[in-house]
Number of protein chains: 2
Amino acid sequence: MAAMSTLHATYRLTCSANDIAQRAQALALEQSIEMPLEAVSDPQIQDLSVAEVIEITPRDEQQFDVIIALKLATIGAEAGQLLNMLFGNCSLQEDVRLVDIEFPAALGGMFPGPRHGMAGIRATLGVPARALTCTALKPQGLSPAALAALCATFASAGIDIIKDDHGIANQAYAPFVPRVRACQRALREVISRTGKKVIYAPSLSGSPRQLHAQLEFAREEEIEMALVSPMIMGIPTFRELVDEHPAMMFMAHPALSGALRIAPPLFYGKLFRLFGADAVIFPNFGGRFSFSRDTCHDLVAGARAAWANVKPALPVPAGGMSVARVPEMLTAYGADSMLLIGGGLLSAGDALFERSQQFVEAVQFFTGYHA
Amino acid sequence: MAAMSTLHATYRLTCSANDIAQRAQALALEQSIEMPLEAVSDPQIQDLSVAEVIEITPRDEQQFDVIIALKLATIGAEAGQLLNMLFGNCSLQEDVRLVDIEFPAALGGMFPGPRHGMAGIRATLGVPARALTCTALKPQGLSPAALAALCATFASAGIDIIKDDHGIANQAYAPFVPRVRACQRALREVISRTGKKVIYAPSLSGSPRQLHAQLEFAREEEIEMALVSPMIMGIPTFRELVDEHPAMMFMAHPALSGALRIAPPLFYGKLFRLFGADAVIFPNFGGRFSFSRDTCHDLVAGARAAWANVKPALPVPAGGMSVARVPEMLTAYGADSMLLIGGGLLSAGDALFERSQQFVEAVQFFTGYHA
């Protein structure tokens, strides 16, 4: 039988040189048949489902990069099963990190990626070239009216996308329906006055049925983008939302996923994109989170790289950002990104409108905006 | 205004003594309003949503346990939002581990826990007191007929619960419907011959709609238990399955969740139980996974402890188990557990039936079984 189509995954193992060959082989079995190879009696299994060690490269005396070929047949076209095969059991083994995957072309057909992507977001906003601006409605605890007032202030200042804070769910103080209605109405009023397109992206939460219902309501309200936390709702649930709500754009938030031991450039840059995120929020370097500048650079490269039929996603650095850092951020990320400043605007208090305007102007100025 | 109802969460922070007070306060804000307290103008927010540092206890010079009171109002009755508030953003901060939570009574009403629990599983099997036995159908790659033949062998040997390997999804070589039909038919034949009750627990996978459809089909086939990976399908999706399929028992698998930096006793022992798992698989100590004996002990205690209206879940140690280790396992876990041996049985090859019987007899013998 010819070699089955495979997916190459690179794992970083902490292990001694003496043990690495055996450890790598154990990992390949763990991530495929989960039993000793000797105990497999059916010879077809080798071709159908057993993963194989392709290459072992030492990084130093205690670290090795191991490339393992997983059979595509074990994954099917399921996003959850892809994660399961890549990092299901070995997530429980502390000496393993998943650092990268190399997609065979076949996978692009199995997971079509974002429906809109960076280009779709730009087209919707009518902003073809400059970096985009984003902010968040918070703190949670505010009423729909108070959130809508914030939304109006941000929109008036010219911010492109205003999202709910990811902690805003369906709480009693601001349930989804009245919140979305109030914020979207506030936006419409500003847009009719300024003529400048603005998108409000409400945060979805709850069970799959509730998520679908929220998206239905959002569509009726002419909402064009939703904020989702794929690891909280579950990757297969996220895929279902992308499949069934083709007009909606999705901005993915990394909540709950930070400790996965899957390299952030792979998880947020490639996998979130592959699963359908049009925009991907990630923790900016130098903020209150722990990503390095190199990690952020690689993540952004993964989100934007040409990749078969999978559209580029818009990278959205966030966390610890301020208007003063705009030039630094644009130097780091370039124009094909969206800067998200939340607390850094809200801390302006009564000067919120002015600071939001400064944010917008700084981004326009430093990316050579032409109105 | 009176103090809002709160949930106390304990985080372990790696931090210097000089910085811990400030770091703890930053964490409380990160996990609630995500902005500086000074920037909050509405005085009601303090009562509604701001989390507060309750206590800081040094563990050593670089580690502190910090108890933070999260407002229940920020969680609502949503499982995903509970995880979001507990560990959404701070999952991205490497100095933070979530080690425990203390549930207020109110939470028991919000998340009712398992519908059947350990007692329900015992009642279904008709085994009131002894430890239970479990094994797995694998490797993936086998056809439905081959899996069904394995199922028959295990059932004939007297094993209580036979689950699909968690890597078995809906792959072309053994799709859900023919697989479940074949395995359940094989079980029925054995049961009609031996009179001994056996449960087959197929693995669910796919999008929420596919999961519901699989459970519908399973119910028609009189399947009584399903294997789920809550972190792969998503916690809110798992909750929805539990809510909408009340007759089904659920065995939860830890795939993808091992690296979360949430203490395993809390995550698997308490939270999986709270979200509705009737049985909870976890990596046994001394196997190929990294849990310590103490961790396993605490996890089992969390799954079984009396806890308001939340039924105890059945702990299922797995990984690196063998028939020879049965006495050790029973000493460690006691009779209110289910031992899962997969590869340790399958490696017997042609002697699979005999080794499976030895497993059953060892468990019966060492827990003083009375037929």
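The values are calculated or read from the model by the stated rules, or taken from the named source; none is laboratory data. Keep in mind it's a predicted model, so treat the numbers as computed, not measured. Virtual Cβ from ideal backbone geometry, glycine too; neighbours counted across all protein chains shown.
Data overview
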| item | result |
| --- | --- |
| Residue that is nearest to B:Asp278 (Cα to Cα), among those in region B:172-206 that are among the polar types (S, T, N, Q) and more than 20 Å from the chain's Cα centre (by Cα) | B:Gln184 |
| Among (1) away from chain B (no Cβ under 11 Å); (2) without any contact (Cβ under 8 Å) to a residue 40 or more places away in the chain; (3) surrounded by fewer than 21 Cβ atoms within 10 Å (Cβ to Cβ); (4) over 19 Å from the mean Cα position of the chain (by Cα) - the single one A:Met110 does not satisfy | (4) |
| Unique residue being within 14 Å of another protein chain (Cβ to nearest Cβ) and of a type outside the set (A, V, I, L, M) when the list is A:Gly269, A:Gly258 | A:Gly258 |
| Count of residues meeting criterion [crowded, with 22+ Cβ neighbours inside 10 Å, more than 9 Å from chain A (Cβ to nearest Cβ) and in contact with a helix residue (DSSP H, G or I) (Cβ under 7 Å, 6 or more places away or on another chain)] in region B:37-84 | 5 |
| Test: residue in region A:103-114 that is farther than 30 Å from A:Ala24 by Cα and out of contact with any Asp or Glu (no Cβ under 7 Å at 6 or more places or on another chain) | yes |
| Qualifying residue in region B:6-16 (condition: crowded, with 21+ Cβ neighbours inside 10 Å, of a type in the set (Ser, Thr, Tyr) and modelled with pLDDT of 90 or more) | yes |
| Test result for B:Leu241, in contact with a Phe, Trp or Tyr (Cβ under 8 Å, 6 or more places away or on another chain) and at the interface with another protein chain (Cβ under 10 Å from one of its Cβ atoms) | yes |
| Residue identified as more than 10 Å from every other protein chain (Cβ to nearest Cβ), under 30 Å from B:Ile45 (Cβ atoms) and either touching a residue at least 12 places away in the same chain (Cβ under 8 Å) or in contact with a strand residue (DSSP E or B) (Cβ under 6 Å, 6 or more places away or on another chain) (or both) among A:Leu125, A:Leu150, A:Leu142 | A:Leu150 |
| Unmet requirement for B:Phe87, which otherwise passes all of (1) within 27 Å of B:Ser16 (Cα to Cα); (2) within 13 Å of another protein chain (Cβ to nearest Cβ); (3) over 24 Å from the mean Cα position of the chain (by Cα); (4) surrounded by 24 or more Cβ atoms within 10 Å (Cβ to Cβ) | (3) |
| Elements of type strands (runs of 3 or more DSSP E) in region B:255-371, at least 1 residues being free of Cβ contacts under 8 Å to residues at least 40 places away in the same chain | B:279-283, B:314-318 |
| In region B:272-283, residue nearest to B:Thr124 (Cα to Cα) [restricted to those that are among the aliphatic types (A, V, I, L, M) and away from chain A (no Cβ under 14 Å)] | B:Ala279 |
| Lone qualifier among B:Ser203, B:Ser257, B:Ser207 - being within 21 Å of B:Leu82 (Cβ to Cβ) and not acidic (Asp, Glu) | B:Ser257 |
| Residue tally, condition modelled with pLDDT of 95 or more and either at positive phi or not aliphatic (A, V, I, L, M) (or both), over region A:33-59 | 5 |
| Checking A:Ala26 against (1) in contact with a strand residue (DSSP E or B) (Cβ under 7 Å, 6 or more places away or on another chain); (2) within 20 Å of B:Leu256 (Cβ to Cβ); (3) not charged (D, E, K, R), the condition it does not meet | (1) |
| Failed criterion for B:Leu340 (all others in (1) modelled with pLDDT of 95 or more; (2) away from every other protein chain (no Cβ under 14 Å) hold) | (2) |
| Unmet requirement for A:Phe250, which otherwise passes all of (1) in a loop (DSSP other than H, G, I, E, B); (2) within 26 Å of A:Phe267 (Cβ to Cβ); (3) away from every other protein chain (no Cβ under 14 Å) | (1) |
| Residue that is out of contact with any Cys (no Cβ under 6 Å at 6 or more places or on another chain), surrounded by fewer than 24 Cβ atoms within 10 Å (Cβ to Cβ) and closer than 25 Å to A:Glu78 by Cα, where the choices are B:Ala169, B:Ala182 | B:Ala182 |
| Test result for A:Arg97, out of contact with any His (no Cβ under 6 Å at 6 or more places or on another chain), within 14 Å of chain B (Cβ to nearest Cβ) and surrounded by fewer than 24 Cβ atoms within 10 Å (Cβ to Cβ) | yes |
| Candidate set from region B:317-327 (those that are out of contact with any Gly (no Cβ under 8 Å at 6 or more places or on another chain) and more than 14 Å from every other protein chain (Cβ to nearest Cβ)); member that is surrounded by the most Cβ atoms within 10 Å (Cβ to Cβ) | B:Val326 |
| Meets criteria (free of Cβ contacts under 8 Å to residues at least 40 places away in the same chain, surrounded by fewer than 24 Cβ atoms within 10 Å (Cβ to Cβ) and either on the phi > 0 side of the Ramachandran plot or out of contact with any Pro (no Cβ under 6 Å at 6 or more places or on another chain) (or both)) for A:Ala247 | yes |
| Selection status of B:Ser16, over 26 Å from A:Asp165 (Cβ atoms) and either under 29 Å from the mean Cα position of the chain (by Cα) or more than 8 Å from chain A (Cβ to nearest Cβ) (or both) | yes |
| A:Ser205 of a type outside the set (A, V, I, L, M), without any contact (Cβ under 8 Å) to a residue 40 or more places away in the chain, surrounded by 24 or more Cβ atoms within 10 Å (Cβ to Cβ) and closer than 25 Å to B:Ser207 by Cβ | yes |
